[in-house]
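Derivation of every value follows stated rules applied to the coordinates shown; laboratory data play no part. All of these numbers come straight from a predicted model, not from anything done at the bench. Quick reminder, even Gly has a Cβ in these numbers, built from the backbone with ideal geometry, and neighbours come from all protein chains shown.
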Amino acid sequence: MRCTQHLFLQAAAVLPGQSSMRAFQILIDGFAISALYALGATGFTLIFGVSGVLNLSHGAIMVAAAVAAWAAASILNVGTYAGALIGVGVALLTAFATYFAVVKPIQDSRRIPNEEKEIFVLTGTLLWGIMIQELIAYFFTNNAKTVLPIVEGVVEILGVRTPRNEIFTAIVCCLVIALLWLLVNRTRTGKAVLAASMNPRGVTLLGLELTNIYIVVWAIYGILAGIAGVLLGMFLGVSSYSVGPLTASAFSIVVLGGLGSVSGSLIAAFVVGYLETLTAYLVSPAYRTIPALLLLVFVMYIRPQGLLGRR
Amino acid sequence: MSTFFTSRLFFISLALVVIAATLPLYVSGYVLGLLTVAFYFGVFAMAWDLLFGFAGEVNFGPTFLIGVGAYTAGILNAQFGWSVYPCIVLGALASVIAGLVLALPALRVRGPYFGLTTLVAVLMLQNFIVVFADLTGGEIGLTIPDVITIDAGANYWIALGFMTISAAILYGLSQSPIGLVLQASGQDPVQAGALGFNIVKHKLAAFIVSAFFSGLSGALLVFYFGTASVGTVVDVAVGVNVIVSAVLGGRRTVLGAALGAIFLIVAGEFLRPTGELATFIVSAVALLVVLFFPGGFLGAALSREARS
């Protein structure tokens, strides 16, 4: 979250003082950032909805994807497209590793009482995320890395100079979310996933193997987090320091929208994205995250289950 | 309670404290300094264990309580020139107020929702410190002019004594009827309420006690370090260390949390030659303990004793 700050400063310097243009600028920048947040949070909420797991290594997986894409493109020189694919692939593998090495052993453990599994999954994935973060820092240093964008150049929309990459980011995010919607609502596998999020026991009674559904969900999650991570790397750049803030932002968007509700997270992502952009442009980039945090606290008091959450 | 004084655990703890108290006579100041910090961390972890292990509240923001205590004491000393002891007392009191603020959402929301609220509390405190940099020293930190004492041995004894007294109070509380009611209300609040226990009162008490010890320890730590900064007392990473200590040592044991904290800090120091990989190794060990010995150090030891 903090790494987005320099972008706003840059954009603010380019801006002439016209208010209508500033409004468009906020509209466009806010949209791209919100779409990115939405993509990052969707996978997170999907996993919670289906298997009740809050994956605190989320930020680490996103950064791993971005750093892998960066390393493939700038060290191995495989090109931007292949680099992006490698990034997504790494995220997928890391997501599977998270499930099989951390989450599944805790869920299957007989020594951990059921009511404490939640905190064990939280602690376990948190430690796992720190391990990934430290490995990235060890092999690739703490420096911020910007993945070479797939599309370059700048276009003018409504008088606002906008990098093509920003438009590309927004379009890809929307497309991927639309595809996810189709997958969940229109395919057999997707319907099984949806059913599992409503009633896991009912799904097993229908003869579907719950573990297989979990694997599908973690695969979807890995791909979503990977795409979000690579896009973030192209758009704003990442470093191993962004792990914590990324997890925190996904966590707060998901809670704001209501845990487990995908549409709630989408709305919340846009609320948080625009609120942050507005604050950065109109008040000061230093106060960027504060209104969103206040809103979160406010919503927790008024409506503890979030905007569209069911308890 | 009376069985405790004859139990093996009591004698082991007593022996450990006595041995620890003689350390300044023959180890270097460097080791003492390390252990002093570890003891204050032990109190953080024990206070956290009281909230999580007994009241069942997933508190991701132990550093909110610690930070409020530490910064209140630090600011009063550095900006207003108050002397050390009133600063420490007021730091602990400020932390109790912070604990009450944190307790309000806990009475409404549970589980991950409360966890997030506590995380947000830490982030808000962090933002507050950065925004009001004139008062708090901002991201660089606040330099504290006064110290309790500069003698390494005396500092060590203060930390050890403080940890021992805190451990005795927190452990006693956890084994008392209050601890049992807390445990019941953490596991099933509706049923515990139906049995006629005032859950709100007990939970508030748990928050107050936990906040008091966190804040007191934070304030003492600030006067030991001579500086208060986000990186040492507020950052989420510090909170993670506190949580990991408690889980490592064995949750719901209170004393184990202190062991976990000492282990974590000493292990981090031993691994210093490995450079940047130190945090990786500590996290990996902690993850293995979480996966294979979910009861933690003390949990595993106690269950073996119970079996034999």
How big is the protein assembly as shown by Rg and Dmax over its Cα atoms, in Å?
-> 24.8, 81
With springs only between Cα atoms under 10 Å apart, run a GNM on chain B and tell me which of B:Ile165, B:Ile208, B:Ile243 wobbles the most.
-> B:Ile165
On a 0 to 90 degree scale, rounded to 10, what angle separates helix A:117-140 from the longest Cα axis of chain A?
-> 50 degrees
Note to self, the protein assembly as shown gives a 222 nm [θ] from helices alone (DSSP H runs n ≥ 4, -39500 (n - 2.57) apiece, / all residues, nearest 500) of -24500 deg cm²/dmol
Could you please rank B:Val131, A:Val272, placing first whichever residue has the fewest other Cβ atoms within 10 Å of its Cβ?
-> B:Val131, A:Val272
Note: region B:2-307 at 37 °C, 0.692 mPa s; Kirkwood Rh on alpha carbon pairs; Stokes-Einstein D in µm²/s works out to 168 µm²/s
State which stretch of chain A is the longest one without any exposed GluC sites (Glu not before Pro), exposure meaning a DSSP loop state and at most 16 other Cβ atoms within 10 Å.
-> A:1-151
Could you list the chymotrypsin sites (Phe, Trp or Tyr not before Pro) in region A:199-291 that lie in coil according to DSSP, counting only those with at most 12 other Cβ atoms within 10 Å of their Cβ?
-> none
Taking Cα pairs under 8 Å and at least six residues apart, what relative contact order does region B:23-97 come out at, in percent?
-> 22 percent
Output the relative contact order of chain A, whole-number percent, from Cα pairs under 8 angstrom with separation of 6+ residues.
-> 34 percent
Three-way shape label, region B:208-307, alpha-carbon gyration tensor, a/c 1.5 = oblate
Treating the beta-carbon of each Lys and Arg as +1 and of each Asp and Glu as -1, no other charges, what is the dipole magnitude of the protein assembly as shown about its Cα centre, to the nearest 20 debye?
-> 1420 debye
In a shell of Cβ-Cβ distance under 14 Å around B:Ser283, excluding B:Ser283 itself, what net charge do Lys and Arg (+1) and Asp and Glu (-1) give?
-> -2
Would you be so kind as to identify which of A:Gly258, A:Ser240, B:Gly81 lies farthest towards the positive end of the dipole of the protein assembly as shown, taking Lys and Arg as +1 and Asp and Glu as -1 on Cβ and the Cα centre as origin?
-> A:Gly258
Which one of B:Ala267, B:Ala219, B:Ala92 has the biggest mean-square fluctuation once chain B is modelled by GNM with Cα springs under 10 Å?
-> B:Ala267
Do you know the relative contact order of chain B, to the nearest whole percent, from alpha carbon pairs under 8 angstrom that are 6+ apart?
-> 31 percent
Rounding to the nearest 20 debye, state how big the charge dipole of region B:2-307 is about its Cα centre with +1 on each Lys and Arg Cβ and -1 on each Asp and Glu Cβ.
-> 860 debye
How large is the dipole of chain A about the Cα centre if only Lys and Arg carry +1 and Asp and Glu carry -1, each at its Cβ, rounded to the nearest 20 debye?
-> 520 debye
For B:His202, A:His58, what's the fewest-to-most ordering of other Cβ within 10 Å of each Cβ?
-> B:His202, A:His58
Could you give the radius of gyration (one decimal) and Dmax (whole number) of the Cα atoms in region A:2-302, in Å?
-> 19.3, 64
Sorted by Cβ density within 10 Å, fewest first, the residues B:Asp49, A:Asp29 | A:Asp29, B:Asp49
GNM of chain B, Cα pairs under 10 angstrom: of B:Val290, B:Val58, B:Val190, the biggest fluctuation goes to B:Val190
In nm, to one decimal, how far is the A:Ser263 label point from the B:Phe292 one, both placed 7 Å along Cα→Cβ?
-> 4.8 nm
Bin all alpha-carbon pair distances of region B:1-112 at 5 Å intervals from 0 and give each bin's fraction as a whole percent.
-> 2, 9, 13, 15, 15, 15, 16, 10, 3, 1, 0
By how many degrees, 0 to 90 and rounded to 10, does the Cα axis of helix A:262-282 deviate from the longest principal axis of chain A?
-> 30 degrees
Cα axis of helix A:80-97 to longest principal axis of chain A: angle in degrees, 0 to 90, nearest 10?
-> 30 degrees
Just counting partner chain Cβ atoms within 10 Å, what average do the residues of peptide B:112-124 show around their Cβ?
-> 6
